[in-house]
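Please read the structure below before turning to the comments.
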Amino acid sequence: MNDEETLNPAQVTPLKTISKVWLIPIVAILIGSWMIFVHFNSKGPLIRINFETAEGIIAGKTKIKLKNVDVGLVELIELSKNLETVIITARINKHDINLLKEDSQFWVVRPRIGNSGISGLGTLFSGAYIEVAPGTSDDKNSSFVGLENEPVTASGTKGLHLTLESGAFRSLNIGDQILFHGIEVGRIEFVYFNPKERKVYYDAFIESPYDDLITSNTKFWELNGFEVELSADGIQVQTGTLETMISGGVSFDVPNNMPPGDIISERKVFTVYPSKNSIYENQYNHSLQFVLLFKDSIRGLKPGAPVEYRGIKIGNVTRTDINYPEISNVLKKDTLIPVMINIEPGRMGFEDTENILPQVKNDLSELISRGLRGGLSLGNLLTGSKYIELEYDEGVNTKLQYFSSYLVIPTLQGQFIQIMNKISKIMDKLYSLPLEPVISTADQTLKQLTMTLQEFGKTSRQLEILLKQSTQQNLVASIKNSLEAIAKLAVDFSEGSLTHEEFQNTLRFMKKTLRELEPLLRQLNQKPNSLIFSSQKNNDVEPKGQ
Amino acid sequence: MRKLLIILSIFTLLSCASSSEKVRYYSLTLNETPQLNIIQSDIKNPVIIVEPVILARFLRQQGLVFQSGNYELSTANYNRWAEPLEELIAKKVVQELNQKSSRYHFEKQSGQWRNNVKLHLKLEIEKFHATDASTAIIAGRYWFYEKNMGNKTPHNFAFSKKLTADGYLHTVEKLAQALSQLSEDMLHSISKSTQEN
């Protein structure tokens with residue numbers, strides 16, 4: 001062997017391809033990337049909800065639910081920049097992204113006690129959660145303002161939204177019922193007070209299919225819970241539901257004397273009347289104003305008091321104040337007190353339209369000139385309230401007058417005042433009568449009459465005595481005769497007289513005979529046939545001596 | 001035929017008729033001298049009127065009564081009172097009282113004594129008969145009273161006489177003696193009441 005054999009140098013051939021070892025990390029990287037991708041891809045969108053408070057909400061724990069199904073989770077809770085609200089960042093599940101409409105509503109579900117009852121008791125154990133009500137809008141949104149309370153009407157509920165306005169002192173609340181014939185058909189969703197108009201506006205929602213009940217002639221009125229009506233038929237008491245009695249509510253209907261009207265399909269403003277009866281008082285839209293000028297006191301007459309003609313209401317009193325330029329000093333002796341009234345042509349049989357007003361005004365002017373007058377009448381003896389009554393003063397023609405550009409209806413004294421005046425006149429006449437000489441004359445006459453009666457009494461007593469005596473005398477004579485006859489009869493039967501002796505003898509004989517018959521009768525009593533068949537004769541039991 | 005029947009009936013009746021025993025009649029005052037009618041003006045003493053005697057019911061019959069045992073009474077058929085017993089008793093009592101009293105005059109009738117009558121005597125007899133104990137008993141009560149005064153104080157009495165012989169005659173004698181004793185008792189009580197007044 002040769003040491004000197006040289007080794008062939010190694011031939012280094014560079015790799016032309018990547019080593020298969022790299023497959024492992026590559027696969028690992030791919031898998032990891034895929035997982036990361038899937039993770040981020042499956043995440044739903046983040047949304048931001050503004051609440052006033054984050055009470056009961058915990059990041060990473062509080063869920064967002066729809067109909068008790070988890071649709072999201074709160075991830076972050078932070079204060080807003082102005083520190084007035086709380087911003088809750090939540091992630092909605094990817095497959096629930098359709099819930100995020102522009103009008104979707106979010107609110108926190110907690111235990112609550114309200115007019116409609118107790119809700120959210122389950123959250124005592126599970127903790128509060130955020131409920132979502134998906135909207136119906138086509139636009140999507142990711143930033144929302146959360147509601148502090150559950151919405152009265154769920155978003156997307158079919159129905160009709162209305163605006164109700166009320167100038168009443170008492171206001172309705174969110175959630176108050178809207179009833180139709182006692183059935184709940186809607187609720188008050190929102191309350192807004194306009195200080196400039198001094199009116200309260202309510203956003204009302206009428207659920208379908210009851211929204212078809214709302215027509216152009218529908219009237220709304222407040223339910224006071226308890227209504228008492230006193231009429232000629234007696235006392236009527238009406239109550240609402242328990243909820244309306246506690247918290248109040250609104251009812252609606254078309255008045256009896258009005259046609260149904262056209263169905264409303266979009267938001268419209270309706271007035272809320274204070275009561276059902278007030279609907280009929282304010283159902284006419286057009287009226288004419290007149291003024292009555294009174295010389296007498298108008299105490300008891302208030303705005304709203306009816307104006308009647310022969311018992312039919314044709315209007316009402318609108319003003320009883322004295323804020324007119326014509327009146328500078330009410331204390332002046334000849335100042336007349338103005339009362340403004342509304343006369344509604346609709347109540348008089350005319351159409352309730354604006355076109356009819358001039359014609360009605362002309363007619364009334366003609367009637368006024370022929371004697372139509374107004375007067376105060378007592379409406380209620382208990383309360384002393386008054387009303388205006390129109391009547392005719394026959395045979396009187398008057399020139400038309402105006403007060404503060406309003407046509408004046410001349411006045412008559414009210415019936416009550418007329419009666420009082422008559423009584424006053426009678427009293428004056430009585431007072432003016434010369435009563436003292438009359439009284440003194442009457443007194444003397446009475447005294448003489450008394451004396452005469454006394455004399456008459458004496459005379460009648462004497463006459464009575466005389467009559468008695470004569471009667472007695474006759475009676476005495478009659479009795480005397482009777483007694484004499486009795487005495488004579490008694491003498492005939494008295495002891496010693498023949499009749500008496502014979503009577504006595506007869507009695508003795510009868511006694512003796514009966515005594516004789518006594519043993520026979522005893523025998524026959526014991527043995528009836530002893531007359532024929534002799535009975536054994538028993539000897540008498542003889543007493544024995546000692 | 002009819003005549004024959006009538007005759008036969010008469011004979012039948014006659015044959016059935018029995019002879020009746022002899023009936024005896026008794027009086028209480030036969031041995032007394034009857035009083036002559038006295039005129040009012042002759043009498044100076046106060047008069048006491050003897051009212052009609054009231055008898056117990058069982059005594060109001062003609063036959064004399066006999067008591068057997070404590071509860072049985074029998075009436076004699078053949079021994080009878082000659083007059084009504086109440087009259088006999090009244091007569092006897094008046095006789096006895098007049099005989100024994102010098103202060104008063106007793107009368108049965110009040111007809112002519114209208115002005116002089118002081119008192120009235122009322123007598124009720126409850127027992128007036130013989131018993132099987134060989135006694136003759138009278139019992140009852142009496143009282144004196146002034147008319148229109150109303151004061152009546154009754155006095156009860158009961159007298160018993162032993163029978164020493166058989167028969168009703170002896171009984172009547174004893175009853176008469178008992179009445180005499182009764183009259184003495186009456187006088188005693190009236191004098192006593194007079195003394196008290």
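The values are calculated or read from the model by the stated rules, or taken from the named source; none is laboratory data. All figures in this text were calculated on a predicted structure; none of them were measured in a lab. With ideal geometry, Cβ positions are generated from the backbone for all residues, glycine too; neighbour counts draw on all protein chains shown.
Figures for the structure shown
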{"quantity": "Residue identified as surrounded by 10 or more Cβ atoms within 10 Å (Cβ to Cβ), of a type in the set (Asp, Glu), away from chain B (no Cβ under 11 Å) and farther than 30 Å from B:GLY63 by Cα among A:GLU436, A:GLU484, A:GLU502", "calculated": "A:GLU484"}
{"quantity": "Hits in the range B:54-74 (condition: more than 9 Å from every other protein chain (Cβ to nearest Cβ), within 13 Å of the chain's Cα centre (by Cα) and without any contact (Cβ under 8 Å) to a residue 60 or more places away in the chain)", "calculated": "B:ARG60"}
{"quantity": "Residue among B:LEU123, B:LEU179 that alone is in a helix (DSSP H, G or I), in contact (Cβ under 8 Å) with a residue 24 or more places away in the chain, more than 14 Å from chain A (Cβ to nearest Cβ) and in contact with an Asp or Glu (Cβ under 8 Å, 6 or more places away or on another chain)", "calculated": "B:LEU179"}
{"quantity": "Matching residues, the range A:523-540, being facing chain B (nearest Cβ under 10 Å), modelled with pLDDT of 75 or more and surrounded by fewer than 15 Cβ atoms within 10 Å (Cβ to Cβ)", "calculated": "A:ASN539"}
{"quantity": "Cβ-Cβ under 8 Å pairs, at least 6 apart or on other chains, the range A:39-67 side within 20 Å of A:GLU78 (Cβ to Cβ) and at pLDDT 85 or above, far side basic (Lys, Arg) and outside any strand (DSSP E or B)", "calculated": "A:GLY44/A:LYS94; A:PRO45/A:LYS94; A:GLU55/A:ARG110; A:GLY56/A:ARG110"}
{"quantity": "Residues that are in a loop (DSSP other than H, G, I, E, B) and at pLDDT 85 or above, drawn from the range A:142-162", "calculated": "A:SER142, A:GLY146"}
{"quantity": "Test for A:SER328: is it more than 26 Å from the chain's Cα centre (by Cα), small (Gly, Ala, Ser) and crowded, with 16+ Cβ neighbours inside 10 Å", "calculated": "no"}
{"quantity": "Pick from the range B:126-140, criterion of a type outside the set (S, T, N, Q) and over 13 Å from the mean Cα position of the chain (by Cα), ranking: nearest to the other protein chains (Cβ to nearest Cβ)", "calculated": "B:ALA130"}
{"quantity": "Hits in the range A:247-272 (condition: assigned to a loop (DSSP other than H, G, I, E, B), modelled with pLDDT under 80 and over 12 Å from A:ILE214 (Cα atoms))", "calculated": "A:GLY248, A:ASN256, A:ASN257, A:MET258, A:PRO259"}
{"quantity": "Matching entry among A:GLY384, A:GLY375 (being within 23 Å of A:ALA305 (Cβ to Cβ) and outside any loop (DSSP other than H, G, I, E, B))", "calculated": "A:GLY375"}
{"quantity": "From A:LYS313, A:LYS333, A:LYS302, residue being within 25 Å of A:TRP221 (Cα to Cα) and part of a loop (DSSP other than H, G, I, E, B)", "calculated": "A:LYS302"}
{"quantity": "Candidate set: the range A:393-443, residues that are touching an Asp or Glu at 6+ places or on another chain (Cβ under 8 Å) and in a strand (DSSP E or B); chosen: the one modelled with the lowest pLDDT", "calculated": "A:LEU412"}
{"quantity": "Qualifying residue in the range B:129-136 (condition: in contact with a strand residue (DSSP E or B) (Cβ under 8 Å, 6 or more places away or on another chain), within 19 Å of B:VAL93 (Cα to Cα) and surrounded by fewer than 20 Cβ atoms within 10 Å (Cβ to Cβ))", "calculated": "no"}
{"quantity": "Sole residue being farther than 30 Å from A:ASN380 by Cα and either at pLDDT 65 or above or among the charged types (D, E, K, R) (or both), chosen from A:THR218, A:THR244", "calculated": "A:THR218"}
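Residue-by-condition table, conditions (1) modelled with pLDDT of 85 or more; (2) over 36 Å from the mean Cα position of the chain (by Cα); (3) of a type in the set (Ser, Thr, Tyr); (4) closer than 30 Å to A:ALA204 by Cβ:
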| residue | (1), (2), (3), (4) |
| --- | --- |
| A:GLN283 | no, no, no, yes |
| A:PHE294 | yes, no, no, no |
| A:ARG299 | yes, no, no, no |
| A:PRO306 | yes, no, no, no |
| A:GLY311 | yes, no, no, no |
| A:ARG347 | yes, no, no, yes |
| A:THR353 | no, no, yes, yes |
